[in-house]
1. With each pseudo-label sitting 7 Å past Cα toward Cβ, what's the Leu9-Val29 distance in nm, one decimal?
2. Could you state how much accessible area Leu17 has, in square angstrom rounded to the nearest 10, with a 1.4 Å probe and all protein chains kept in place?
Amino acid sequence: MTGPVEGRLDDGTPTRLAVQCRRCGNWLVAAASVDRRLGPACARHGMTQAHIEAEHYPLFELAPR
């Protein structure tokens, strides 16, 4: 996992990281699904791990200093 999935804001409000599935667009909140940006049902529909890794994009890219 690239970072925390759950946390809290300064005022105590709970937060949870959610991303959209790259195949169907549904919202994902499970840590494994968020990490691969692919829901479990879509993963069963034929996307191989190599294909997932080839299309893996980080949430943020920081410019070198």
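1. Once both label points are built, they end up 1.6 nm from each other.
2. Solvent-accessible area, nearest 10 Å²: 50 Å².
The values are calculated or read from the model by the stated rules, or taken from the named source; none is laboratory data. Model, not experiment: these values are computed from the prediction. Please note: Cβ atoms are built from the backbone with ideal geometry, for glycine as well, and neighbour counts cover all protein chains shown. To get the accessible areas, we keep the full protein, side chains included, count just its heavy atoms, and leave off ligands, DNA and RNA. Shrake-Rupley method; radii C 1.70, N 1.55, O 1.52, S 1.80 Å.
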